[in-house]
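Data block below; observations after.
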Amino acid sequence: MSHPELSVVVPVFNERDNVAPLVAEITAALRGRVAFEIVYVDDHSQDDTLAVLQALKATTPELRVLHHLSQSGQSTAVRTGVKQARGAWIATLDGDGQNDPADIPKLLDARATADAQVKLFAGWRVNRKDSGSKRWASRWANAIRARALHDATPDTGCGIKLFEREAFLDLPYFDHMHRYLPALMQRAGWTTQCVPVNHRARTAGVSKYNNLQRALVGLRDLRGVAWLITRSRRTAVEER
């Protein structure tokens with residue numbers, strides 16, 4: 001398939017038991033609805049995630065598998081997938097299975113009725129299935145981020161998103177940028193829209209972050225994104 005309409009990008013690290021069920025759900029949600037490809041990016045997993053993915057290619061023609069030669073983090077894995085993607089629009093999912101691929105059509109429907117200026121449709125987990133401590137930490141983080149960045153996004157950490165590939169690749173790149181996509185898109189002059197989505201409990205594997213790690217990295221990145229916003233300059237352009 002040379003030019004699918006949609007590329008589903010899934011970054012993974014040590015998710016061997018979640019790969020096959022999630023691939024099956026993606027194909028069930030999208031086959032017959034849109035021309036798509038699935039781009040998995042294995043971030044140098046220490047288990048046999050890569051081998052499981054390679055085996056699935058035999059039964060899933062839409063599946064492509066990219067492999068990082070060294071572990072580089074989720075944002076880099078997402079960017080790797082987007083750069084290699086063939087679709088003009090990108091849907092992202094976390095590789096842990098907590099995002100529901102059945103919500104991708106809902107994001108596509110939102111795009112179909114939205115203004116052309118909307119370049120990002122961000123999932124909003126209205127009924128989180130995480131632990132109480134994780135939900136508490138996320139509420140505080142979202143509140144602090146919203147006050148600093150004014151991005152009008154209640155759940156910027158949700159992994160399921162739909163965005164235009166070209167607009168994404170025009171954004172400044174840095175580690176953990178995937179947590180700030182709404183603010184970065186708005187900084188670039190585009191509009192973003194939140195869409196309520198399903199959220200599920202993790203059934204296999206373990207989380208790659210804890211609350212303290214998120215907080216320490218988040219505070220540093222928040223200052224950087226706030227600085228980027230203050231230094232942004234935009235103007236309309238016309239050819240003469």
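Show the residue pairs meeting these rules: Cβ distance below 7 Å; 6+ apart or different chains; first residue within region 188-213 and more than 19 Å from GLU164 (Cβ to Cβ); second residue loosely packed, with under 15 Cβ neighbours inside 10 Å and modelled with pLDDT under 95.
Matching pairs, first to second residue: PRO196/VAL126; HIS199/ASN127; HIS199/LYS129; ARG200/LYS129; ALA201/LYS129; ASN211/SER133.
Taking region 45-70, which residues are closer than 14 Å to ILE26 by Cα and of a type in the set (Val, Ile, Thr)?
Of everything in region 45-70, those that are closer than 14 Å to ILE26 by Cα and of a type in the set (Val, Ile, Thr) turn out to be THR59, THR60.
Consider region 169-199. How many of its residues are within 17 Å of GLY123 (Cα to Cα) and within 16 Å of the chain's Cα centre (by Cα)?
17
For region 1-14, enumerate the residues that are part of a strand (DSSP E or B) and either among the β-branched types (Val, Ile, Thr) or over 18 Å from HIS199 (Cα atoms) (or both).
Result: LEU6, SER7, VAL8, VAL9, VAL10, VAL12.
Which condition from (1) modelled with pLDDT of 85 or more; (2) closer than 18 Å to THR156 by Cα is the one that GLU238 breaks?
(2)
In region 23-65, what count of residues is obtained for those that are in contact with a His (Cβ under 8 Å, 6 or more places away or on another chain), over 26 Å from GLU5 (Cβ atoms) and not in a loop (DSSP other than H, G, I, E, B)?
1
Let me spell it out: the conditions are (1) outside any loop (DSSP other than H, G, I, E, B); (2) of a type outside the set (Val, Ile, Thr); (3) under 26 Å from LEU107 (Cα atoms), and ASP17 meets all of them except one. Which number is the exception?
Status for ASP17: all satisfied but (3).
Given the structure, is ALA20 more than 24 Å from LEU181 (Cβ to Cβ) and surrounded by fewer than 14 Cβ atoms within 10 Å (Cβ to Cβ)?
No, not satisfied.
Tell me which strands (runs of 3 or more DSSP E) are completely within region 66-173 and hold 1 or more residues being modelled with pLDDT of 95 or more, basic (Lys, Arg) and crowded, with 18+ Cβ neighbours inside 10 Å, or say none if there are none.
Where strands (runs of 3 or more DSSP E) fall fully within region 66-173 and carry at least 1 residues being modelled with pLDDT of 95 or more, basic (Lys, Arg) and crowded, with 18+ Cβ neighbours inside 10 Å, they are 118-125, 161-164.
Could you grab the pairs with beta carbons closer than 8 Å, sequence gap of 6+ or different chains, first residue in region 218-240 and farther than 17 Å from MET185 by Cβ, second one among the small types (Gly, Ala, Ser) and surrounded by 10 or more Cβ atoms within 10 Å (Cβ to Cβ)?
From residues that are farther than 17 Å from MET185 by Cβ, the pairs are GLY218/ALA141.
Of all residues in region 23-60, which are surrounded by 15 or more Cβ atoms within 10 Å (Cβ to Cβ) and touching a residue at least 60 places away in the same chain (Cβ under 8 Å)?
Of everything in region 23-60, those that are surrounded by 15 or more Cβ atoms within 10 Å (Cβ to Cβ) and touching a residue at least 60 places away in the same chain (Cβ under 8 Å) turn out to be GLU25, ILE26, ALA29, LEU30, VAL34.
Determine if region 193-203 includes at least one residue that is within 30 Å of GLU25 (Cβ to Cβ), in a helix (DSSP H, G or I) and at pLDDT 90 or above. Please lay out each step first, then the result.
Step one: list which residues in region 193-203 are within 30 Å of GLU25 (Cβ to Cβ), which gives 193-203.
From what is left, the residues that are in a helix (DSSP H, G or I) are none.
No - not one qualifying residue is present in region 193-203.
The values are calculated or read from the model by the stated rules, or taken from the named source; none is laboratory data. In this text, all values refer to a predicted model and were calculated from it rather than measured experimentally. Don't worry about glycine lacking a Cβ; one is built from the backbone with ideal geometry, like all the others, and counts go over all protein chains shown.
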